[in-house]
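Down below is the structure, laid out as structure tokens.
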4 protein chains.
Amino acid sequence: MTHTIRERRKLLARVRRIRGQVAAIEHALDSEAGCESVMQLIAGVRGAIAGLMAEVVEDHVRTHLVDAERHPGALDGEATEQLLAVVRTYLK
Amino acid sequence: MTHTIRERRKLLARVRRIRGQVAAIEHALDSEAGCESVMQLIAGVRGAIAGLMAEVVEDHVRTHLVDAERHPGALDGEATEQLLAVVRTYLK
Amino acid sequence: MTHTIRERRKLLARVRRIRGQVAAIEHALDSEAGCESVMQLIAGVRGAIAGLMAEVVEDHVRTHLVDAERHPGALDGEATEQLLAVVRTYLK
Amino acid sequence: MTHTIRERRKLLARVRRIRGQVAAIEHALDSEAGCESVMQLIAGVRGAIAGLMAEVVEDHVRTHLVDAERHPGALDGEATEQLLAVVRTYLK
């Protein structure tokens, strides 16, 4: 029940970008950047973390809620999309 | 695919409480209450709305993602709990 | 230190709209509307409550953090805008 | 209008912890950890980022909204605490 390699690569690319964004906050604090830049950088990481969570949750819903091999077609497509729309709204 | 009567009653009770809380904000503004009370009342409605959404989403996940009559046992219990734990964290 | 009448009117108009939106959720549950409509209506109230809170917070910052009669010009305009930009991001 | 050295050290310590938490997400994805662990690690970073933002915003409000040397005593202590209480509620 693990992620496909392709999905994992996409997630890893996201996490590496976030690592760079966190390093930028550290650099901004080290170089005594103003509050405004620091707050903008933090808001950027927050958005990126939300995007990462939305992607992992979506993947979890599509892949793990139903074992598609044992129960093919059991996951209702429309209800799944409705759920993911709410998840995205709240993870923005 | 509608909610059971019992579940609907619980949701209606929540919505009616929220209606009362919104009326309290209106009353506070009308009676020129201070910013602090108004902000606390609004924060209360926000929490209650989040709780309502969490309950509807949970109900949606448990009832609608899989048609349990056609696909009994297809919804993975553990994966469902993991999803709902994340939903509750974000809807707090 | 209360709000101006004009500001209070704007806030009251917002609260009344929210009251109508909450009534719509109640109606949707009463008429056995689907989960999707209910979740969309709840998400709408959540956004409206966030907008109301942003407006009250903005008003609070501009009016109450500094008594402008006793300390004219003491509230830094640029720093205030930076703060309110963060508040709006988080209250979205 | 920069932060004091002591405040900056506290913020840097927080950012370094977050950097470690992001590295843990990367490691979890690399080692094919389950969705649940990954979602919990992401939720942890989200909370830590919210805590960091709350601290920077608090610092910004206390230090930059009013130039305390030119306008001593102009920032209203009670109104400031009310604002920060709302900020903390929303940044949780």
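If only residues of segment D:31-58 that are touching a helix residue (DSSP H, G or I) at 6+ places or on another chain (Cβ under 6 Å) and of a type in the set (D, E, K, R) are counted, the one that is nearest to A:I25 (Cα to Cα) is D:R46. Can you tell me which residue in segment D:10-30 is nearest to A:D59 (Cα to Cα), limited to those that are small (G, A, S) and touching a helix residue (DSSP H, G or I) at 6+ places or on another chain (Cβ under 6 Å)? Filtering first and then ranking leaves D:A28.
Within the span defined as segment B:55-63, every residue fails to be away from chain A (no Cβ under 14 Å), under 18 Å from C:R46 (Cβ atoms) and touching a residue at least 40 places away in the same chain (Cβ under 8 Å).
Just wondering, is there one or more residues in segment A:4-12 that are within 30 Å of B:A74 (Cα to Cα), surrounded by fewer than 19 Cβ atoms within 10 Å (Cβ to Cβ), touching a residue at least 12 places away in the same chain (Cβ under 8 Å) and at the interface with chain B (Cβ under 10 Å from one of its Cβ atoms)? No: segment A:4-12 contains no residue that is within 30 Å of B:A74 (Cα to Cα), surrounded by fewer than 19 Cβ atoms within 10 Å (Cβ to Cβ), touching a residue at least 12 places away in the same chain (Cβ under 8 Å) and at the interface with chain B (Cβ under 10 Å from one of its Cβ atoms). Among the residues making up segment C:47-84, those that are of a type outside the set (V, I, T) and not in a helix (DSSP H, G or I) are C:L65, C:D67, C:A68, C:E69, C:R70, C:H71, C:P72, C:G73, C:A74, C:L75, C:D76.
All conditions but one from (1) free of Cβ contacts under 8 Å to residues at least 40 places away in the same chain; (2) facing another protein chain (nearest Cβ under 8 Å); (3) under 21 Å from B:K92 (Cα atoms) apply to A:R88; the one that does not is (2). With respect to the conditions (1) away from chain D (no Cβ under 12 Å); (2) in a helix (DSSP H, G or I), C:A33 lacks only one, and its number is (2).
Is it fair to say B:I49 is more than 14 Å from chain A (Cβ to nearest Cβ) and of a type in the set (V, I, T)? Spelling it out, it is not the case that B:I49 is more than 14 Å from chain A (Cβ to nearest Cβ) and of a type in the set (V, I, T). Does C:E36 count as in contact with a Lys or Arg (Cβ under 9 Å, 6 or more places away or on another chain) and farther than 30 Å from A:V38 by Cβ? In short, no. Pairing residues of segment D:64-76 that are more than 8 Å from chain C (Cβ to nearest Cβ) with residues that are of a type in the set (D, E), at Cβ distances under 9 Å and at least 6 apart in sequence or on separate chains, gives no pairs at all. For C:V38, the requirement of being facing another protein chain (nearest Cβ under 7 Å) and either of a type in the set (S, T, N, Q) or within 30 Å of A:A85 (Cα to Cα) (or both) is met.
For every residue, the table says whether it meets (1) within 19 Å of C:R14 (Cα to Cα); (2) open to solvent by 30 Å² or more (accessible area, probe 1.4 Å).
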| site | (1), (2) |
| --- | --- |
| C:E32 | no, yes |
| C:E36 | no, yes |
| C:M39 | no, no |
| C:V45 | yes, no |
| C:A48 | yes, no |
| C:A54 | yes, no |
| C:V57 | yes, no |
| C:H64 | no, no |
| C:D67 | no, yes |
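Applying the set (1) surrounded by fewer than 18 Cβ atoms within 10 Å (Cβ to Cβ); (2) at pLDDT 95 or above to D:I18 leaves exactly one unmet item: (1). Criterion applied to D:A23, D:A28 was being facing chain A (nearest Cβ under 10 Å), farther than 18 Å from A:D30 by Cα and buried (at least 17 other Cβ atoms within 10 Å of the Cβ), and the one residue passing it is D:A28.
The values are calculated or read from the model by the stated rules, or taken from the named source; none is laboratory data. What you see is a predicted model; the values in this text were computed from it and never measured. Every residue, glycine as well, gets a Cβ built from its backbone with ideal geometry; the counts of neighbours run over all protein chains shown. Accessible surface is based on the protein model in full, side chains and every heavy atom, while ligands, DNA and RNA are left aside. Shrake-Rupley method; radii C 1.70, N 1.55, O 1.52, S 1.80 Å.
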